[in-house]
Amino acid sequence: MENNKLLHTLETKEVDEISFVSFFTFIAVAVIIGAVVGLGVSRLNKKTTTTSDKTKGTTQSAGIVDKKTFKDSAEGILREGGIDGEGNFHLERTGGISQNAYLTSSTVDLSNYIGKKVKVWGQTFSGQKAGWLMDVGLVEIEK
């Protein structure tokens with residue numbers, strides 16, 4: 001019978017150090033990724049604004065300044081309460097209850113503006129009971 005080896009020895013190479021090119025390629029990629037992430041975070045922070053009236057300590061405006069997303073706007077006196085489960089707040093506007101704009105917001109705490117004349121920017125949604133239902137992204141106190 002012929003003697004066949006079933007096991008073979010494989011050649012191995014030890015890697016003692018990372019190559020110069022690989023190391024600097026890794027560093028360059030890390031710097032580029034860091035710069036892109038940093039730029040994205042800084043642009044996101046520029047879109048958020050909150051200003052204060054230093055004499056009264058009240059917030060004059062708050063939210064995200066993004067007129068492309070928040071195209072719709074309305075003005076009136078902010079009141080608490082929605083209509084039949086739609087909205088948590090509403091704008092009391094000239095023309096009576098039929099002209100109210102019902103509001104909700106995932107961005108701004110509207111409770112800070114109750115009883116004040118405000119202008120809001122947001123995105124309109126269809127409501128079952130509300131004639132006008134808006135998700136508010138930016139609110140500003142009117143003078």
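The values are calculated or read from the model by the stated rules, or taken from the named source; none is laboratory data. The structure displayed is predicted, hence computed values, not measured ones. With ideal geometry, Cβ positions are generated from the backbone for all residues, glycine too; neighbour counts draw on all protein chains shown.
Those residues that are within 13 Å of Glu75 (Cα to Cα) and among the hydroxyl-bearing types (Ser, Thr, Tyr), I need them from the stretch 106-143; list them, please.
The one that is within 13 Å of Glu75 (Cα to Cα) and among the hydroxyl-bearing types (Ser, Thr, Tyr): Tyr113.
Looking only at residues in the stretch 71-115 that are surrounded by 14 or more Cβ atoms within 10 Å (Cβ to Cβ) and assigned to a loop (DSSP other than H, G, I, E, B), which one is farthest from the chain's Cα centre (by Cα)?
Once the filter is applied, the top-ranked residue is Arg93.
Just to be sure, is Ala130 modelled with pLDDT of 80 or more, of a type outside the set (Lys, Arg), touching a strand residue (DSSP E or B) at 6+ places or on another chain (Cβ under 6 Å) and in a strand (DSSP E or B)? Spell out the reasoning first.
Numbers: modelled with pLDDT of 80 or more: yes; of a type outside the set (Lys, Arg): yes; touching a strand residue (DSSP E or B) at 6+ places or on another chain (Cβ under 6 Å): yes; in a strand (DSSP E or B): no.
No.
Thr69: at pLDDT below 85, in contact with a strand residue (DSSP E or B) (Cβ under 6 Å, 6 or more places away or on another chain) and not charged (D, E, K, R), yes or no?
The answer is no for Thr69.
In this structure, does Gly127 turn out to be exposed (fewer than 14 other Cβ atoms within 10 Å of the Cβ) and either more than 16 Å from Ile64 (Cα to Cα) or free of Cβ contacts under 8 Å to residues at least 12 places away in the same chain (or both)?
So Gly127 fails the test.
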